[in-house]
């Protein structure tokens, strides 16, 4: 991996961890969620780190990270029997 890619990955994890901490703070300060009895359960894969610490959330992001890529398909355009849409997208 190139040095710039490593820096990008580190920056992405910093953003993820910051976002997770903000989300947890919002959850913990929500009277509705507290009244409903909702709580965060520690992720077993990150048990080596203190719960709710930066190292814990970094582990969490690495373990649960997913692509934001939205997988899509294509369809045939044309006027033949296999075409799904015409040139006007009808």
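The values are calculated or read from the model by the stated rules, or taken from the named source; none is laboratory data. Since the model is a prediction, treat every value here as computed from it, not as a measurement. So basically every Cβ, Gly included, is an ideal-geometry build from the backbone, and we count neighbours across all protein chains shown.
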Original post:
Of the conditions (1) within 30 Å of residue 14 (Cβ to Cβ); (2) modelled with pLDDT of 85 or more, residue 84 fails just one. Which one is it?
Top reply: (1)
Subject >> Every residue from the stretch 27-50 that is part of a loop (DSSP other than H, G, I, E, B), within 19 Å of the chain's Cα centre (by Cα) and surrounded by 13 or more Cβ atoms within 10 Å (Cβ to Cβ) >> reply: 42, 43
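Yes/no per residue for (1) modelled with pLDDT under 85; (2) surrounded by 11 or more Cβ atoms within 10 Å (Cβ to Cβ); (3) in a helix (DSSP H, G or I):
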residue	(1), (2), (3)
7	yes, no, yes
19	no, yes, yes
52	no, yes, no
67	yes, no, no
79	no, no, no
